[in-house]
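Just below is one structure, and these are the notes that go with it.
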Amino acid sequence: MARAQIVILGGGTGGTMTANRLRRRFDADEAEIHVVDLDNRHVYQPGLLFVPFGLAQVEEIVRPRGRQLRDGVLFHENEVEEVWIERDELLLDDGTVLPYDVLVVATGVRLQPEETEGLTGPGWNERVFTFYSPGGADALRGALERFDGGRLVVNLVDMPIKCPVAPLEFAFLADWHLRERGIRNRSEVVYSTPLDGAFTKPIASEHLAGLLNEKDVELVTEFNAGEVDGVGGKLSSYDGRELDFDLLVTVPLHGGAAYVERSPGLGDALGFVPTNKQTLQTPAKPNVFALGDATDLPTSKAGSVTHFEAEVLAENVARFLADKELDASYDGHANCLIETGFHKALLIDFNYETEPLPGHFGPLPLLRESRLNHLGKLMFQWVYWHALLPGREIPGLGPAMPTARKKHAPAHAS
Ligand SMILES: Cc1cc2nc3c(=O)[nH]c(=O)nc-3n(C[C@H](O)[C@H](O)[C@H](O)COP(=O)(O)OP(=O)(O)OC[C@H]3O[C@@H](n4cnc5c(N)ncnc54)[C@H](O)[C@@H]3O)c2cc1C
């Protein structure tokens, strides 16, 4: 085989794992591996949830991207301007044209708060915040410290979003934080969502709605946020409903990276990349693969999903280059540890076909709050930097969803 040129767009969770897995797999004379990212700050994004509550500092969850890549991976700190699928080439912001034999798209999502009227107007980062970016999470920490009671509204503008459970976790932790500070009795916490329940999957949704209720968090469903008045403290929906707030914590609209829209044949109308559910090859061209938040796959946009996909994708890049049949084994496996406050967390595990069910995942209980799950969530940052990103195998944590030790869904909820 002639030396292959593999170009990976995005040096976040998926791009880094893929590059390191491929570097382990191919000798330097077999493949040249490039990673392109617009900056050199790799954020451990699950840590953003803890920043507003003073439980983590931004600098503790950020590391240089280049240092997460194995020796021999070439890192370009550049923005991708456009991909020319027809020519197997792409353009970087400094004018460099990079040719490739295989392209991997791992550029995640773009937050688009400016798409919601008024959201980034007066009051933005003063009374209206998002914890989905390091700067936003840090600014929200100051606002929560100053919050002395009132109405805190958590709003998710529209799906899809990355880590669909993160806003729920924020509501649970806000309840805990306000109780710890002794101001819960003069505070209201509201969770508003465009979904018809607390979550997308019926059994988990029922559990999570029950938890919100236990914690006295008001659940407002089918609320499609249309406009924000950050000065007057009003969030309005398209159907004319209004939610008053003293502090608004929003998860803004998500779209794909802007270059995806500029690149003919690569993405859909929202900038996500149509991707084969099982093989992670794209219909754009056989030598183009995608993973993580950038895809249009009908599973959660989550780091766990990206990790499971990276295993199948790296295998398939190797098979593609060797002219072999692709591995069609990715089943949509996702798992998420959901912080619920008071040093507890709940675990859900599911795939394209099977919704989150009770039972056990290894030693961890499913769909039940436990301290062990919380410890698992805290430990995960170490696992992320030292095992997942380097592309090491983790026994018991792989692309195929385990079915043993799971209880079947009750008939009414399936
Ligand atoms: C608050 C929060 C909490 C979360 N909690 C969890 C959790 O508990 N568990 C879990 O599994 N997941 C969680 N996630 C989700 C998880 O972080 C993402 O799903 C995961 O990082 C996706 O990986 P990715 O490689 O697709 O995208 P990313 O890791 O976001 O990487 C995309 C990269 O592409 C780069 N890029 C974008 N556009 C360009 C361009 N034009 N040119 C060059 N580079 C570009 C970006 O700079 C970025 O580095 C959370 C996310 C957030 C925001």
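The values are calculated or read from the model by the stated rules, or taken from the named source; none is laboratory data. Predicted, not measured: the structure shown is a model, and the values here were computed from it. All Cβ positions, glycine included, derive from the backbone under ideal geometry; neighbour counts span all protein chains shown. Note: accessible area is taken over every heavy atom of the protein model, side chains too, but ligands, DNA and RNA are not part of it. Shrake-Rupley method; radii C 1.70, N 1.55, O 1.52, S 1.80 Å.
List of remarks:
- Any hit, the range 207-215, residues being crowded, with 23+ Cβ neighbours inside 10 Å and in contact with a Phe, Trp or Tyr (Cβ under 8 Å, 6 or more places away or on another chain): yes
- Pairs with Cβ under 8 Å, 6+ apart, first in the range 323-350 and over 17 Å from MET401 (Cβ atoms), second part of a strand (DSSP E or B) and away from the ligand (no atom under 15 Å from the Cβ): LEU326/GLN281; LYS344/SER370; ALA345/SER370; LEU346/SER370
- Taken together, THR306, THR279, THR299, THR340 contain a single residue that is farther than 30 Å from ASP175 by Cβ and of a type in the set (Val, Ile, Thr), which is THR279.
- Any hit, the range 89-101, residues being open to solvent by less than 20 Å² (accessible area, probe 1.4 Å) and more than 16 Å from the ligand (Cβ to nearest atom): no
- Scanning the range 105-123 for residues that are within 10 Å of the ligand (Cβ to nearest atom) and touching a Leu at 6+ places or on another chain (Cβ under 8 Å) turns up VAL105, ALA106, THR107, LEU111.
- Residue within the range 102-109 that is buried (at least 18 other Cβ atoms within 10 Å of the Cβ), touching a His at 6+ places or on another chain (Cβ under 9 Å) and assigned to a strand (DSSP E or B) present: yes
- Condition check for TYR132 on (1) at pLDDT 95 or above; (2) away from the ligand (no atom under 16 Å from the Cβ): one failure, at (2).
- Hits in the range 71-88 - residues which are over 27 Å from the mean Cα position of the chain (by Cα) and either within 13 Å of GLN5 (Cβ to Cβ) or near the ligand (Cβ under 9 Å from one of its atoms) (or both): ASP88
- Pairs meeting the criteria (first residue in the range 62-75 and on the phi > 0 side of the Ramachandran plot, second residue assigned to a loop (DSSP other than H, G, I, E, B) and open to solvent by less than 80 Å² (accessible area, probe 1.4 Å), beta carbons under 8 Å, at least 6 apart or on different chains) are GLY72/ALA28.
- Scan the range 41-64 for residues that are crowded, with 21+ Cβ neighbours inside 10 Å and either more than 29 Å from ALA143 (Cβ to Cβ) or more than 8 Å from the ligand (Cβ to nearest atom) (or both) and the total you get is 5.
- Selection from the range 334-354 of residues that are assigned to a loop (DSSP other than H, G, I, E, B) and in contact with a Gly (Cβ under 8 Å, 6 or more places away or on another chain): ASN351, TYR352, GLU353
- Only listed residue being out of contact with any strand residue (DSSP E or B) (no Cβ under 6 Å at 6 or more places or on another chain) and within 30 Å of LEU103 (Cβ to Cβ), chosen from LEU195, LEU253: LEU253
- Condition met for GLY240 (in contact with a helix residue (DSSP H, G or I) (Cβ under 6 Å, 6 or more places away or on another chain), open to solvent by 10 Å² or more (accessible area, probe 1.4 Å) and over 25 Å from PRO399 (Cα atoms)): no
- Filter result (among the basic types (Lys, Arg) and over 17 Å from THR200 (Cβ atoms)) within the range 137-163: ARG141, ARG146, ARG151
- In the condition set (1) within 16 Å of the ligand (Cβ to nearest atom); (2) free of Cβ contacts under 8 Å to residues at least 12 places away in the same chain; (3) hydrophobic (A, V, I, L, M, F, W, C), ALA314 is compliant with all but (2).
- Top-ranked residue in the range 147-201 [being modelled with pLDDT of 95 or more, polar (S, T, N, Q) and over 21 Å from VAL51 (Cα atoms); ranked as surrounded by the fewest Cβ atoms within 10 Å (Cβ to Cβ)]: ASN185
- Single match in LEU235, LEU253 (criterion: open to solvent by less than 70 Å² (accessible area, probe 1.4 Å) and within 16 Å of the ligand (Cβ to nearest atom)): LEU253
- Selection over the range 292-317 of residues that are in a strand (DSSP E or B) and open to solvent by less than 10 Å² (accessible area, probe 1.4 Å) gives a count of 1.
- First in the range 25-39 and free of Cβ contacts under 8 Å to residues at least 40 places away in the same chain, second anywhere and within 16 Å of the ligand (Cβ to nearest atom), Cβ under 8 Å, 6 or more apart: ASP39/ARG65; ASP39/GLU77
- Search result, residues across the range 2-32 that are open to solvent by 10 Å² or more (accessible area, probe 1.4 Å) and within 16 Å of the ligand (Cβ to nearest atom): GLY12, THR13, ARG21
- Residue in the range 318-333 that is within 16 Å of the ligand (Cβ to nearest atom) and either open to solvent by 30 Å² or more (accessible area, probe 1.4 Å) or in contact with a strand residue (DSSP E or B) (Cβ under 7 Å, 6 or more places away or on another chain) (or both) present: no
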